[in-house]
Amino acid sequence: MKHFLCSIAFLLISFMSTYAQKEVYFNNTASEDIKVQSLQGIEVSSSIDPVYSIQNASHSAINPNIYVGYFNEKRMASSWTLNTTVGLNCIFYEKPIYVLQTDSSFNGNGGYGSNSSRVSYMTFNGQHYRADEYSTGFALGLEVGVEPRYYLGFKDRYVLGKTSLNSGWFLSFPLSFNTNLLQSPEPLFNQGWLPGIFSVNAAFRPTLGYRRAITKKLFIEGSMGAGARMGYGNNTYNYKYYFFGPSLDTQIKLKVAYTF
């Protein structure tokens, strides 16, 4: 028993000594030397617009976007970074299948007055079209973005050794721009895969998120944001250039990234 108690005492002393050394090490780190890392790598993310999905739950499928791109997160201050990104955005959406109408009761303004949210109407080149069915469309977009980001409580987590790959809660202000490179052919308005129109969309969403390092090179990240979206281009029906927006834009995103 005496040897056992001596062994326990020795282990406790050793543990306390190691713990004390660890505390002295971190306490000796000057506050100005505690800084976020600069990182770069490849990221893959998927996102949805929850407000749009709820508003259209009765007649529209939830189609998440899938983004693959390069990111460069540059340290700007002890807890601030500036993240720049460029990549390809795969966009899935629901599009109406329009059929030419010859019914003279079509009024050209409100269609046939149907109360069904699944029915849509369009007038194109003087002819009237009706859509009762929908299909899934695909667009491939080029996306670039810039994102100032502040890591909440970074110095406190640093003392605890929990800041690998800038892990932790963050508040960010991402601004992104997207233009289509390819899109599903449309029999009436654009019969090829190359877009027949030019347009660019911009989105600004203040965001709250959390990052967690999985390995020394890999991390996952979840975030939720809300802001505004607006765009510029000539529309599908060959009218003049126009500016649309802003409109409410929300996003829930899940990201996986590999750093190098």
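The values are calculated or read from the model by the stated rules, or taken from the named source; none is laboratory data. Everything numeric in this text was worked out from a predicted model, so none of it was measured. All Cβ positions, even for glycine, are placed from backbone atoms using ideal geometry, and neighbour counts span all protein chains on display.
Looking only at strands (runs of 3 or more DSSP E) that lie completely in region 126-215, which have at least 1 residues being modelled with pLDDT under 90, exposed (fewer than 14 other Cβ atoms within 10 Å of the Cβ) and polar (S, T, N, Q)?
Qualifying strands (runs of 3 or more DSSP E): 127-151.
Taking interchain pairs and intrachain pairs at least six residues apart, which have beta carbon atoms under 8 angstrom, with the first residue in region 178-194 and in contact (Cβ under 8 Å) with a residue 40 or more places away in the chain and the second part of a loop (DSSP other than H, G, I, E, B) and β-branched (Val, Ile, Thr)?
186/236; 189/236; 190/197; 190/236
Given the criteria at pLDDT 95 or above, farther than 23 Å from residue 63 by Cα and part of a strand (DSSP E or B), does residue 243 qualify?
The answer is no for residue 243.
Only residues that are over 24 Å from residue 247 (Cα atoms) and in contact with a Ser or Thr (Cβ under 6 Å, 6 or more places away or on another chain): list them for region 194-217, please.
Passing the criteria: 211, 212, 213, 217.
Within region 226-236, is even one residue surrounded by 18 or more Cβ atoms within 10 Å (Cβ to Cβ) and not acidic (Asp, Glu)?
Yes: region 226-236 contains one or more residues that are surrounded by 18 or more Cβ atoms within 10 Å (Cβ to Cβ) and not acidic (Asp, Glu).
Kindly provide the set of residues from region 55-110 that are among the basic types (Lys, Arg) and either on the phi > 0 side of the Ramachandran plot or at pLDDT 95 or above (or both), ordered by number.
74, 75
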